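Data block below; observations after.
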Amino acid sequence: MQDSEMWMNASHETSPVLPVVPENAHGTHRVVLFGPPGSGKTTAAAALGRRLGLPVLRLAPRPQDARVPCAGLLELALALPALPAARELTAVLDEAVGRPGSPDGSGSALRLRRQAAALLREALPMTLVVDNAQWLDPASAAVLGWALRMTPDLPVIAAERTWRPEPAGHWCGEDVSAVRVPPLTAPQVATLLSPYRLVPREVTRIHARSGGNPALALALARARGHTAAVPIAEDDLVLPAPARRLVGEWLDTVSEEVQELLTFAALDDRPDLDLLRKPPGRGRGGGAARPRTA
C-alpha cells in the first residue's frame, strides 16, 4: 500500500489543544465520535488513529455525496487503486450503474457486499477512518456495515455530527464505543487562544459564548484579534461569518422542535428556565407567545 494512498497521522496537522478522547476507547476496534460542528472530531479521530499505530485510510464524504448511491464505496475503491479487489469493486460499480433499478437489485447488492468485504480483507492491516460520516450515502453504509461484520479485526473510527447512541447500533458495528467529543475547558480555551494575546476577561467571555467549541472560539478570537487591546463590551461580541456558519450547521443537526424552541427563546430579551419549559411557540394560555419588550 503506497504512502500516497493513505492518510498518515504523522503528516496530519494537529491543533494546539487536542480534544479529550477517553482512555477506554484505546484498543477498541469500532469507535464513533459524535458532537456538534467544529468540536474537534476530526482531530480526535486522528489522535485515536495514531494510538492504534496502523496506517490510516480516510474517507471524507461531502454533503452532495449523501444523495449519490454508492459514492462512498467508489471513494473507498479509488483510494486503494493498486489492490486487485479495488479494481474489481470499481468494475462492479460501473456495471451496476447501467442497470435499471441498480444498485438496489439483489444481484448487484450481493456482489457489492462480497467485493467490499474482499477489499477490506486485502487492505489489512490498517485503520479505516470515515470523517463526516453523516454524509455517507445509505447504500454505501449498508454495504460497508455488512462487509465490516465480515472483517471484525479491522479498526474503524467514524466521526459524525448527528448520531446518538441507539439500541440498533451503528452501521460500523452493533457494539461500537460511542464517544461524545466534549467541549474544551476554560484552561484549554485559554491555551488555544494564547497566540491572540487577549486579556483574560476576553478569553473567559469567548469561552462562555463558544460553549467550549474550539472552532467557534477561534472564530470569535480571530474577529477580535486586531483589537485585542480594546475591552469587549458585555453585548458587543458579534458573531463573525465563520462563527455564524458553524452555528447554522449545528442547528441543522437538531430536531425541528429544538430549532423552534431556540428561536422562541431568542425572541425573548431575557430567556429563563420558565420560558424554556413552555411548549415551543405557545404561551401559557395556549396562544402564540410574545417576546417581552421591557
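Here is a list: 151, 127. Which entry is under 24 Å from residue 93 (Cα atoms), touching a Pro at 6+ places or on another chain (Cβ under 8 Å) and of a type outside the set (Phe, Trp, Tyr)? If you could, list the steps in order and put the result at the bottom.
On the way: 151 fails: touching a Pro at 6+ places or on another chain (Cβ under 8 Å).
Exactly one residue qualifies, and that residue is 127.
Listed here are the residues, each with its yes/no results for (1) among the small types (Gly, Ala, Ser); (2) within 27 Å of the chain's Cα centre (by Cα); (3) modelled with pLDDT of 90 or more.
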| site | (1), (2), (3) |
| --- | --- |
| 41 | no, yes, no |
| 44 | yes, yes, no |
| 57 | no, yes, yes |
| 64 | no, yes, yes |
| 71 | yes, yes, yes |
| 112 | no, yes, yes |
| 118 | yes, no, yes |
| 125 | no, yes, yes |
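Table: residues versus (1) in a helix (DSSP H, G or I); (2) surrounded by 14 or more Cβ atoms within 10 Å (Cβ to Cβ); (3) within 14 Å of the chain's Cα centre (by Cα).
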| residue | (1), (2), (3) |
| --- | --- |
| 139 | yes, yes, no |
| 145 | yes, yes, no |
| 148 | yes, yes, no |
| 152 | no, no, no |
| 157 | no, yes, yes |
| 164 | no, no, yes |
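Restricting the search to region 33-46, which residues are of a type in the set (Gly, Ala, Ser) and open to solvent by less than 20 Å² (accessible area, probe 1.4 Å)? Step through it out loud before you land on a result.
Here is the first cut: in region 33-46, the residues of a type in the set (Gly, Ala, Ser) are 35, 38-40, 44-46.
Of everything in region 33-46, those that are of a type in the set (Gly, Ala, Ser) and open to solvent by less than 20 Å² (accessible area, probe 1.4 Å) turn out to be 35, 39, 40, 44, 45, 46.
The values are calculated or read from the model by the stated rules, or taken from the named source; none is laboratory data. Everything numeric here is computed off the predicted structure, so don't read it as measured data. Glycine also receives a Cβ, built like all others from the backbone with ideal geometry; neighbour counts cover every protein chain displayed. Accessible surface is based on the protein model in full, side chains and every heavy atom, while ligands, DNA and RNA are left aside. Shrake-Rupley method; radii C 1.70, N 1.55, O 1.52, S 1.80 Å.
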